[in-house]
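The values are calculated or read from the model by the stated rules, or taken from the named source; none is laboratory data. It should be emphasised that the depicted structure is a prediction, and the values quoted were computed from it without experimental measurement. A quick note on method: Cβ atoms are made from the backbone with ideal geometry, for glycine too, and the neighbour counts reach across all protein chains shown. Quick note on the areas: whole protein, heavy atoms, side chains included, nothing else; ligands and nucleic acids left out. Shrake-Rupley method; radii C 1.70, N 1.55, O 1.52, S 1.80 Å.
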Amino acid sequence: MMTTIFVAAPKPRTWPLTLDQFAARLTERWPQAEISAHHAPVSNEDYLDFQMDLDGMTRTASYYDRSNLILSDGDPEFWAETIVWFLGLLPADADAVAMVEVNPEYTAPIPPGGDAETIRTLLEGLTEAQ
């Protein structure tokens, strides 16, 4: 099932990964990615929107400075490897939680060092949680 997936630093924590650092690493991994910078006035946060063609579809996502990765246009299986890649950009002791748009009342901590299968299973559990 296609959904939007949120990976976040648990409040009040933040990550040391800046927008510029993220953009550089994203461009290394996906040179074709189209990246645009924005500012959200309501929350007073800077963020990057990016899109790229993967598996024959345009996929969209956002990274909020030091706090949130939002992945759209895919399911847990599709985005699991990207989440593992992203978490690899953070310090080994960085905490992260996950949430899915189809079931926003449930969040779960992402286990440190989790592989793609672990992430996929976690996200599918959140998708099915009642």
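Note on the stretch 1-117: with charges restricted to the Cβ of Lys and Arg (+1) and Asp and Glu (-1), its dipole about the Cα centre is near 340 debye. You can think of it this way: the chain between Asp115 and Ala92 has 6.9 nm of extra reach, that is 0.36 nm per residue less the Cα-Cα gap.
Remark: the Glu105-Asn44 segment gains 19.5 nm on full extension, using 0.36 nm per residue and subtracting the alpha carbon distance. When Rg and the Kirkwood radius Rh are both evaluated on Cα atoms of the stretch 12-130, their ratio Rg/Rh stands at 0.94. For Arg25, the accessible area of its heavy atoms, probed at 1.4 Å with every protein chain present, is near 100 square angstrom.
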